[in-house]
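Input: a single structure, listed below in structure tokens.
Every number in this text was worked out from the coordinates using simple rules, so none of it is lab data. Please read all numbers here as calculations on a predicted model, not as lab measurements. Using ideal geometry, Cβ is built from the backbone for each residue, glycine included, and neighbour counts are taken over all protein chains shown.
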Amino acid sequence: MKVAITSLESSLDSQIDATFGRCQYFIIIDTDSMEFEAIKNPSLSASQGVGIQSAQLIAGKNISALITGNCGPNAFNVLNQSGIEVITGASGKVSQVIEDFKNGNLKSSELPNVGGHFGAGQGGGRGGGRGRWRM
Amino acid sequence: MKIAIASGKGGTGKTTIALNLASVLASSAIRTTYVDCDVEEPNGHIFLNPEIEKSKNVAIPVPLIDFTKCTLCGKCSEICEFNAIAVTPKTVVVFKDMCHGCGGCFHVCPVNAISEIDNIIGIIEIGKSGDINFMQGKLDIGKAFSPPIIRELKRNIPSDDVTILDSPPGTSCPVIEAISDSDYIILITEPTPFGVNDLKLSVEMVRQLEIPFGILINRSDIGDDEVIRYCKKEQLDIILQIPDDREIAVAYSHGKLAVDEIPKYIDDFKNLFEKIHKAVQD
Amino acid sequence: MKELVVISGKGGTGKTSIVAAFASLAKSAVLVDCDVDAADLHIILQPDVEHREEFSGGKLASIRQNDCTSCGKCFELCRYNAIEKSTSPDGKRTIYEIDRIGCEGCGVCAWFCPEKAIDFKESINGEWFISNTRFGKLVHARLGIAEENSGKLVSLVRTAARKVAADNGNELIIIDGSPGIGCPVIASISGAQYVLIVTEPTLSAIHDMERVIQLTKHFNIPTGVCINKWDLNQEISNDIEKNPDIKILGKTSYNTVFTKAQIMRQTVIEYSDNAVADELKSLWENVLYEIG
């Protein structure tokens with residue numbers, strides 16, 4: 001099965017990026033073959049609707065699940081409606097998190113776990129967030 | 001004739017000046033309309049207690065997807081500059097409060113799967129307060145775009161009246177929308193460092209619009225003379241100075257007008273209108 | 001790291017003077033001016049700019065007249081009346097031009113132009129700065145006149161401030177917010193830990209305060225209120241204090257030291273140690289307690 005993981009760098013040894021919309025890399029990995037591609041997040045410099053853009057990007061990769069630290073309501077909405085499982089609260093090394101996922105140790109979220117920077121689908125959605133956002 | 005009242009800094013007395021002027025004009029048998037364009041925080045109604053005769057919702061057209069026709073081609077998402085539509089291999093998600101209503105998605109959809117529905121963002125109200133015709137707009141809480149409401153207000157202004165436009169503060173889009181086609185602009189400031197800094201920005205803005213304007217210094221005795229020196233240097237017309245009068249402040253705090261409570265100010269506002277009238281005719 | 005946002009709804013209630021006073025009182029905070037339309041905090045803080053960047057609020061369309069065939073498609077499609085139609089001096093041709101101020105940046109005209117004669121490019125419409133002040137770092141900005149998207153600039157400034165705070169180990173960010181309830185205010189408060197509303201005892205200010213309180217409720221942000229110039233109308237001040245929905249964190253008096261300090265380019269705390277300074281200190285203590 002194919003999943004997406006937000007990552008600080010492009011290898012499986014790197015740490016999970018706790019943010020979704022503004023993460024550094026998306027690692028798209030086939031958990032059976034462990035083949036993966038790392039995509040540099042193209043929305044990093046955008047200032048509005050990054051969660052939506054990022055969600056659209058990874059949904060286009062036909063993944064079944066997203067594993068990340070925090071996911072806001074707009075992105076959650078897009079992923080959820082596309083039938084993609086969202087797993088939040090992940091941290092640590094990417095390879096370890098994939099192992100945990102394969103062993104069924106990660107639980108999917110039924111709701112976004114961080115407040116909307118603009119509320120759900122609110123106008124102009126710009127990066128707010130609670131602390132851990134980077135430039 | 002449309003007279004817009006603006007200021008870079010908030011709280012300099014835009015609403016006070018606009019209402020006193022409107023009141024003096026209306027009691028001189030001039031047909032007068034007061035328009036509260038500060039749709040984020042309209043305050044004029046507090047002083048005028050108008051009877052609202054007509055109200056109208058203001059909406060932005062946002063896309064509605066017909067999933068029986070949609071092929072998930074992604075064109076609508078591609079054209080949207082505001083990231084208000086996401087298209088994934090399974091579905092389309094519309095974020096209506098991020099939509100600016102440009103119609104790009106509606107026009108670009110190759111299979112006509114998009115129609116447009118109204119997303120209400122606020123309201124305009126039209127009524128009367130004594131002899132003054134009253135209009136105001138109100139942005140709904142949590143909505144981000146006020147210019148469409150101001151545009152709708154301006155479409156409903158009676159053409160023969162002297163219209164006093166009470167603008168929002170600042171120099172950005174809603175302000176431009178409010179003041180852009182007026183015949184004269186009164187820029188209000190106060191003689192403080194903040195006041196002068198914000199006045200400079202307003203002057204820059206009004207000069208770009210190429211509309212005649214004058215400076216009104218409110219609470220003229222509270223600070224220093226930097227604002228006077230600035231106006232002299234830039235050859236700006238100071239059309240009125242109103243001293244810091246605790247009686248005005250107290251009247252204001254109760255929602256009362258200075259010209260009703262303190263008659264000595266009536267002539268000031270009559271003269272102000274004469275000056276503006278003359279400037280517009282020149 | 002926590003973000004405290006000071007807003008007012010109505011302008012002129014003393015918000016910026018109070019933020020400046022907080023700057024004097026805070027031990028280690030990053031200061032942010034999010035009132036990008038009418039930024040005034042720098043007047044008191046006298047920043048020394050250390051880093052400067054241009055800001056693009058979005059794209060703007062412009063028609064290349066040489067390639068335009070005057071078909072009128074753009075005029076027909078633009079919903080913002082931002083295409084100006086005129087006749088060439090010889091009367092032979094209709095000219096279409098983009099009104100920069102009216103342009104919303106949607107790009108519809110450029111997309112559909114059959115001659116591809118419309119450019120649609122990022123426009124520079126402001127700049128932002130990281131500066132040093134006598135109270136620590138200040139992140140501030142200046143939006144060009146008549147420019148759009150101050151909300152985007154506000155978000156950018158806040159993001160930069162969080163980075164500065166993270167790099168310097170600051171625990172607190174104090175934000176001078178924007179007036180109103182629209183786009184820039186929403187961008188100022190979204191995701192913040194605490195909002196302080198500075199109001200005054202006038203019917204207008206109360207009306208505006210009630211609207212911003214609804215907004216902070218909408219976004220679920222804990223909110224407290226300071227009544228500035230509380231003695232201007234004690235009756236109305238009492239009414240505000242009696243309102244069970246409003247948490248009062250302090251009251252400051254109607255006093256000329258606010259203006260006098262401003263003229264000296266000082267905070268009220270620096271300028272005087274009178275009663276107002278004491279009121280501000282106690283307000284600050286209460287705010288710190290609320291933020292936790």
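Remarks
- Proximity of backbone amide H atoms, modeled 1.01 Å from N, is registered between B:PHE213 and B:ILE185 at under 5 Å, excluding neighbours fewer than 5 places apart on the same chain.
- Simple rule: put +1 on each Lys or Arg Cβ and -1 on each Asp or Glu Cβ in the range B:1-86, find the dipole, and look at B:ASN43, B:GLY10, B:SER27; the Cα lying farthest toward the positive end is B:SER27.
- Note that the range C:4-13 has calculated 3J(HN,Hα) couplings of 9, 10, 9, 10, 9, x, 7, x, x, 8 Hz, one per residue in order, obtained from phi through the Karplus relation 6.51 cos²θ - 1.76 cosθ + 1.60 (θ = phi - 60°); glycine and proline are x.
- Per-residue [θ]222 nm for chain C (sum of -39500 (n - 2.57) over DSSP H runs n ≥ 4, rounded to 500): -10500 deg cm²/dmol
- With Cα atoms defining each centre, the range B:209-274 and the range B:28-54 are spaced 20 Å apart in the structure.
- Averaged over peptide B:93-106, the number of partner chain Cβ atoms lying within 10 Å of each residue's Cβ comes to 6.
- Residue (of C:ILE44, C:GLY250, A:ILE58) at the positive-pole extreme of the protein assembly as shown, dipole from beta-carbon charges: A:ILE58
- In chain C, Cα pairs under 8 Å separated by at least six residues give a relative contact order of 27 percent.
- Looking at the range C:193-287, the trypsin sites (Lys or Arg not before Pro) that sit in a DSSP loop and have at most 16 other Cβ atoms within 10 Å of their own Cβ are C:LYS247, C:ARG265.
- Restraint check, B:LYS9/C:LYS242; C:LYS85/C:LYS121; A:LYS2/B:LYS90, Cα-Cα greater than 26 Å: B:LYS9/C:LYS242
- Taking the range C:1-127 and dividing mean pair separation by its residue count, relative contact order in percent (alpha carbons under 8 Å, at least six apart): 28 percent
- Rounded to the nearest 20, the Cβ-based charge dipole of the protein assembly as shown about its Cα centre (Lys and Arg +1, Asp and Glu -1) stands at 1220 debye.
- Pairs beyond 26 Å (Cα-Cα), from B:LYS56/C:LYS15; B:LYS143/C:LYS152; B:LYS75/C:LYS116; B:LYS96/C:LYS217: B:LYS56/C:LYS15
- Rounded to the nearest 20 debye, the dipole size of chain C about its Cα centre is 460 debye, using +1 on the Cβ of Lys and Arg and -1 on the Cβ of Asp and Glu.
- Of all DSSP bridge pairs formed entirely within the protein assembly as shown, close to 55 percent run antiparallel.
- Calculated from backbone phi, Karplus (6.51, -1.76, 1.60) coupling profile of the range B:6-16 in Hz, x at Gly/Pro: 9, 7, x, 8, x, x, 8, x, 4, 5, 4
- Computed from phi, the 3J(HN,Hα) profile of the range C:56-69 under the Karplus parametrisation 6.51, -1.76, 1.60 (θ = phi - 60°) reads 10, x, x, 9, 10, 8, 8, 8, 7, 4, 5, 9, 7, 9 Hz, with x in place of Gly and Pro.
- Average beta carbon contacts from partner chains per residue of C:137-143, 10 Å cutoff: 1
- Cα shape, the protein assembly as shown, gyration tensor, a/c 1.5 rule: oblate
- What you get for the range B:71-168, charging only the Cβ of Lys and Arg (+1) and of Asp and Glu (-1), is a dipole of about 360 debye around the Cα centre.
- Relative contact order, whole percent, for chain B stands at 26, derived from Cα pairs under 8 Å and 6 or more residues apart.
- Spin-label pair C:ASN243/C:ASN66, simplified geometry with 7 Å Cα→Cβ offset, distance in nm: 6.1 nm
- Highest-MSF residue in chain B out of B:PRO61, B:PRO148, B:PRO263 [GNM, Cα springs under 10 Å]: B:PRO263
- Computed packing ranks the peptides B:207-214, C:175-182 as C:175-182, B:207-214, most packed first, by mean other Cβ atoms within 10 Å.
- Beta bridge orientation in the range C:133-292: antiparallel %, DSSP, nearest 5: 10 percent
- For B:LYS128, a cut-off of 14 angstrom between C-alpha atoms picks up these aspartates and glutamates, skipping any fewer than 8 places away in its own chain: B:ASP36, B:GLU51, B:GLU53, B:ASP161.
- With contributions of -39500 (n - 2.57) from each DSSP H run of at least four residues, the per-residue ellipticity at 222 nm computed over chain B stands at -10000 deg cm²/dmol.
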